[in-house]
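The values are calculated or read from the model by the stated rules, or taken from the named source; none is laboratory data. These figures come from a predicted structure and were not determined experimentally. Virtual Cβ from ideal backbone geometry, glycine too; neighbours counted across all protein chains shown. These area figures cover heavy atoms from the full protein model, side chains too; ligands, DNA and RNA do not enter into them. Shrake-Rupley method; radii C 1.70, N 1.55, O 1.52, S 1.80 Å.
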Amino acid sequence: TIFIDRQATLPIALPVSGGMTVTMQAEDLFRLAALPPAELRALAETVSGTLMPDPQVSATPLGYDWGSPVTAGLWRVEVTSPDRGGAPGCTFFVKLVHHTRLWPGLRWLSDDAARAEFIDFYPWQYELDIHQSGIGSVLPDGMRTPQLHHVSRPDGDHVSLWWEFVHERADSWMLADYRLAARLLGQLAARRRAGAQVNEALPAGVRNAHHGGSALRFYASRRVFGGMLPVLQSGQVWQHPVLQEALRLAGDEQLPADMVALGARLPQVLDMLDDLPQTYAHGDASPQNLLLPADEPGTIVVIDWGFGTLLPVGFDLGQL
């Protein structure tokens, strides 16, 4: 039996062939991520270390950046058993990823050719691929990946990942946390510099850059030059009440002009970055992807690896 907490349930529009869309609720998505009863029982008993003859599930949707091309849904999943008085047997972080062609944001790309290229280039199973490549063995002391308990493939377009649920520290990041993260990210980048033997275990799609250059250049050419910059250059977006209020609060009337000026310099900036030493980084090392577990002081749990191909040294510190 599956009990679904419908808190924060949102409709999600998925593009399908012919230009139509279908709307899928969070509970429908979780049915894709859920496990058959026998698999669920075996998994819950393995993780909890106790018998759970009639496991019951409560799945609470978690918020995420809906702009992520491959994230279909996130849930905190509590598995309980009546024989245990309803006490949680184990908790999972469940992530459902989908094929890039199902990403609603494809409509932002300029034309069918650009969309097809993005679908072909973007590695939608990268999170699983990087985990299976043995990245955990490359991490420096004080940094680890969460444990991946189970992988399910409900169909050819979705993968359900049942991760360890990391109970995070309640208080905010402190300066010492940023220093620790910066040092560990630097050590990781040094170990994964261009030509290092540890990189041979990476997925082939990561080691082979796009014909247009690095993943960073690909992103800049498609999402920035082809998408965001024209919007900024037109100036109309700044007339939206939300952005007008944001500018007022920021107290920076020159921000729109400064962003356009920076956009004009981006080709030069990319050339400068290409001249720096190159390394494989995390790629999206913001604090939301660097978890501070409550019961492991001095440890950072790394999730949601970003750009896959080589990047200029120091890239992760910009994200941090």
Legend entry - Selection count where residues are touching a residue at least 12 places away in the same chain (Cβ under 8 Å), farther than 19 Å from residue 314 by Cβ and not aliphatic (A, V, I, L, M), scope the range 178-203: 1
Inset, instruction - Could you check how many residues of the range 157-179 are under 26 Å from residue 90 (Cβ atoms), assigned to a loop (DSSP other than H, G, I, E, B), of a type outside the set (A, V, I, L, M) and open to solvent by 70 Å² or more (accessible area, probe 1.4 Å)? - result: 3
Inset, instruction - Could you please find all residues in the range 139-151 being of a type in the set (A, V, I, L, M, F, W, C) and either open to solvent by less than 20 Å² (accessible area, probe 1.4 Å) or at positive phi (or both)? - result: 139, 143
Inset, instruction - Of all residues in the range 234-257, count the ones that are under 30 Å from residue 215 (Cα atoms) and within 29 Å of the chain's Cα centre (by Cα). - result: 5
Inset, instruction - Please indicate, with yes or no, whether at least one residue in the range 243-256 is small (Gly, Ala, Ser) and assigned to a helix (DSSP H, G or I). - result: yes
Inset, instruction - Just need a number here: residues in the range 194-220 that are assigned to a helix (DSSP H, G or I) and either basic (Lys, Arg) or surrounded by 11 or more Cβ atoms within 10 Å (Cβ to Cβ) (or both). - result: 12
Inset, instruction - Tell me which of these residue 256 doesn't satisfy, since it passes every other one: (1) under 30 Å from residue 127 (Cα atoms); (2) crowded, with 16+ Cβ neighbours inside 10 Å. - result: (1)
Inset, instruction - Report, by residue number, each residue of the range 96-125 that is aliphatic (A, V, I, L, M) and outside any loop (DSSP other than H, G, I, E, B). - result: 96, 97, 102, 106, 113, 114, 116, 119
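Hey, any hits in the range 138-147 for a residue that's without any contact (Cβ under 8 Å) to a residue 12 or more places away in the chain, in a loop (DSSP other than H, G, I, E, B), more than 20 Å from the chain's Cα centre (by Cα) and closer than 28 Å to residue 208 by Cβ? Working first, answer last.
Step one: filter the range 138-147 for residues without any contact (Cβ under 8 Å) to a residue 12 or more places away in the chain, giving 141.
Now drop any that are not in a loop (DSSP other than H, G, I, E, B), which leaves 141.
Still in the running and more than 20 Å from the chain's Cα centre (by Cα): 141.
Next, only the ones that are closer than 28 Å to residue 208 by Cβ stay: none.
No, the range 138-147 has no match at all.
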Inset, instruction - Could you check residue 154 against (1) open to solvent by less than 40 Å² (accessible area, probe 1.4 Å); (2) in contact (Cβ under 8 Å) with a residue 60 or more places away in the chain; (3) under 24 Å from residue 95 (Cα atoms) and say which number it fails? - result: (1)
Legend entry - Residue match in the range 47-64 (condition: at pLDDT 90 or above and under 22 Å from residue 206 (Cβ atoms)): no
Legend entry - Pair list, Cβ < 8 Å and 6+ apart or interchain, from the range 221-232 residues that are closer than 20 Å to residue 271 by Cα and assigned to a helix (DSSP H, G or I) to residues that are open to solvent by 60 Å² or more (accessible area, probe 1.4 Å) and aliphatic (A, V, I, L, M): none
Inset, instruction - Specify the residue that is most open to solvent (accessible area, probe 1.4 Å); the eligible residues are those in the range 55-85 that are within 14 Å of residue 96 (Cβ to Cβ) and part of a loop (DSSP other than H, G, I, E, B). - result: 66
Inset, instruction - Quickly run through the range 100-138 and pick out the residues that are modelled with pLDDT of 85 or more, among the aromatic types (Phe, Trp, Tyr) and open to solvent by less than 30 Å² (accessible area, probe 1.4 Å). - result: 103, 126
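For (1) over 30 Å from residue 34 (Cα atoms); (2) among the aliphatic types (A, V, I, L, M), each residue gets a yes or a no:
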| residue | (1), (2) |
| --- | --- |
| 161 | no, yes |
| 177 | yes, no |
| 194 | yes, yes |
| 203 | no, no |
| 225 | yes, no |
| 229 | yes, yes |
| 243 | yes, yes |
Inset, instruction - Quick one: residue 316 ticks every box in (1) touching a residue at least 40 places away in the same chain (Cβ under 8 Å); (2) part of a loop (DSSP other than H, G, I, E, B) except a single one, so which number is it? - result: (2)
Inset, instruction - Would you point out which residue out of 250, 261 is modelled with pLDDT of 95 or more, farther than 30 Å from residue 134 by Cα and loosely packed, with under 11 Cβ neighbours inside 10 Å? - result: 261
Inset, instruction - Inspect the range 207-214 for any residue being of a type in the set (A, V, I, L, M, F, W, C) and free of Cβ contacts under 8 Å to residues at least 40 places away in the same chain and give the result as yes or no. - result: no
